[in-house]
Amino acid sequence: MLLNSAVPLLLLLLPTLSSAFKSLPSKTFIQRVPVRSKTSLSYDSEGSSNFDLGSLTALTSTETWLTSAIPEGHLRKEVSYSLESTTSPCTLISHLFTRITSQTKLGSSHSTNYPSTSIPPYRSTMMVVCPNVFEEFEEFNRVVKTVMEVRRNGRSFNTMGVVEGMREMVAKELGEEDDEWQTSVNLAHLHPNFRNEDTPPPTPESPYEDLSDEERQYQEKIKLHKLKKTLARQSPYPTVVVEVRSQKVNSGVDDTLKAANAEQKNPSNDSPPSLDSLKFLEASFSKSAAGSTPPTPPSITPDIFPQISPKLSAKTYLTLPSAIYREFNGKGVEEAYSFIFEGLGHYFEGVGGVGHIVVVMPKFLRGSATSFQKFGNDVNKLCEAIKLPIHATVYHPEDVDEDKRCPVGCLVMEVGAVQTNM
């Protein structure tokens, strides 16, 4: 009904819109007058050059449905609508992680745009409309829930090195994180055939015959409430909701408590250490350190041998001549997922077939082989969710298995393999 009501209005603008949208670039933001004046809207086409009238119809239908379903006082003041026109599940997952990364950076940089004394919390909602993929709710539900699961698992990964971990520990001990900003990004999904998994199917016979009138009314209210929640998530098109929220972590801590903690950590009656005490400590740990001149550092000669690249080290160790090698130089978990599934999307659209895809990751989780192994398991979960015939195996310099101790971290994906437990 909403789609049919939006089409006549768009047909009136067909001569203007058809010529305007054909020449739009791949990354386009369209500002328009929103349905409600207090809502900031922007239309965005991610990775698509075919931002045509049908794409605009999908976005306007979703906006009309959302603004009419939510009461006036409950709609977010900043809502953006983004179109995902791809038909590849791999590309959709890649673009979804890319949007999550960009929204996280946007929320993290919010505090730098205001004076330190008055920084309001930040909250924004992005509606990613996917009209050309996942027409069946079961598949769409499985993919989005798997993305949520791997994001939760990624929070436990040891992404910091030894130096970064020591710096964070020292900052916590010194109380330098009292006013730290925390940014969280949450996902939800909408679908025309959305239904809750915990809601039983309707039965022709009433299941409340043995209950009293009061209990029967209570159960009927619960059933009606679940039905309304289900209908509220039945959007015109498959949609992923990305909500970012940024606020102070310890904004509710009392100022007097902060002052007491600071005084306890730095008592005023403690005098700074003297030079004699420092020399005594140096002499206690190293007798040659006190009163002696520092030794002359040895002359550093330039290395005449060039450093071997991570990709060449991986090729030498793995000995897979027909494999496709790609190098990922980032450290973020969500950036790694985006990079991997972007490559898988290009692979199945182009070459395809049976083979090996090796992702060389020299900077990613290099201090924890256990986290790298869990990351490989989550890649397999995502491939299984979209039914890709891929099995991923990880190689790490600190792997417990000697046969997998590659000089550089690698994710080897065997295309055409059957999914097995790692």
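All of the numbers you see were taken from the coordinates with simple rules; none came from a lab. This is a predicted model, so every value here is computed, not measured. Using ideal geometry, Cβ is built from the backbone for each residue, glycine included, and neighbour counts are taken over all protein chains shown.
For the residue pairs Lys105/Lys404; Lys145/Lys331; Lys229/Lys331; Lys363/Lys404; Lys145/Lys228, alpha carbon separations beyond 29 Å are given by Lys105/Lys404; Lys229/Lys331. Take the Cβ atoms of Gln307 and Asn377, set R0 to 35 Å, and the FRET efficiency comes out at 0.65. For segment 310-415, the antiparallel share of DSSP beta bridges with both residues in that region comes to about 75%. Entry for segment 330-422 at q = 0.10, 0.13, 0.18, 0.22 Å⁻¹: log10 I(q)/I(0) = -0.24, -0.40, -0.78, -1.15, Debye formula applied to identical alpha-carbon scatterers, no solvent contribution.
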